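This report refers to the structure that appears directly beneath it.
The values are calculated or read from the model by the stated rules, or taken from the named source; none is laboratory data. If you're wondering where the values come from, they're calculated on a predicted model, not measured in any experiment. Positions of Cβ are generated from backbone atoms using ideal geometry, with glycine treated the same way; all protein chains shown enter the neighbour counts.
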Amino acid sequence: MRRMRDPVERFWSHVDKDGPGGCWLWTGNLNHLGYARYFITVAPKTRISVPAHQFAYEALVGPAPDGLEPDHLCRVRHCVNPAHVEWVTHRENVLRGTSFMATKAAQETCVNGHPFTEENIYRRPGRPTWRACRQCLRDRARELARAKRRTRNAVS
């Protein structure tokens, strides 16, 4: 019968600790988004996939905090250095990223240059993260009213 290699020993054989900026680069499998995946055999012919950075964190630091997810502070998705991971809420993780939502949330002005201050933000009831520029809404309402008056005057 073939002897199974120790999962921890096998894990570290896939880690290059000489990455840029102190990153420990994963040389094994990556998922479609570029995050490191580690496959562990739990029973004969049964393997599970776990995030490699989480495996490293739990092996070196301790259990991952419940309800939080890892944020790669170094922004290298296949880095497994536990010092480069901070456990945050999903919302915080998304807002720290470069997604469309994160970009919109970080905007300080609307497309017309009006500042996004609390006085100038309209929030739709029931949708606390949705926002619109009050000045742009007022300008648009005025323009629609003018257009309506012009149309009414042209008809009469």
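Looking at (1) more than 17 Å from Glu9 (Cα to Cα); (2) without any contact (Cβ under 8 Å) to a residue 12 or more places away in the chain, can you tell me which one Val76 breaks?
(2)
Which ranges mark the helices (runs of 4 or more DSSP H) fully within the range 51-110 that have 1 or more residues being among the aliphatic types (A, V, I, L, M), within 20 Å of Leu30 (Cα to Cα) and modelled with pLDDT under 95?
Details: elements: 52-60, 90-96, 100-106.
Hits in the range 51-110: 52-60.
It is to be established whether one or more residues within the range 81-89 are under 11 Å from the mean Cα position of the chain (by Cα), of a type outside the set (Val, Ile, Thr) and more than 28 Å from Arg134 (Cβ to Cβ). Don't jump to the end; show me each part of the working.
Let us first name the residues in the range 81-89 that are under 11 Å from the mean Cα position of the chain (by Cα), namely 88-89.
Checking which are of a type outside the set (Val, Ile, Thr) leaves us with none.
Checked the range 81-89: no residue is under 11 Å from the mean Cα position of the chain (by Cα), of a type outside the set (Val, Ile, Thr) and more than 28 Å from Arg134 (Cβ to Cβ).
Looking only at the range 51-92, filter to residues that are of a type in the set (Gly, Ala, Ser) and within 20 Å of Pro20 (Cβ to Cβ); which one of those is surrounded by the fewest Cβ atoms within 10 Å (Cβ to Cβ)? Spell out the reasoning first.
Step one: filter the range 51-92 for residues of a type in the set (Gly, Ala, Ser), giving 52, 56, 59, 62, 64, 67, 83.
Among the residues that remain, those that are also within 20 Å of Pro20 (Cβ to Cβ) are: 52, 56, 83.
Details: Ala52: 25, Ala56: 24, Ala83: 14.
Looking at the filtered set, the residue picked out is Ala83.
Collect the residues in the range 1-50 that are over 19 Å from Pro82 (Cβ atoms) and either buried (at least 16 other Cβ atoms within 10 Å of the Cβ) or hydrophobic (A, V, I, L, M, F, W, C) (or both), keeping them in residue-number order.
Passing the criteria: Met1, Met4, Leu33, Phe39, Val42, Ala43, Ile48.
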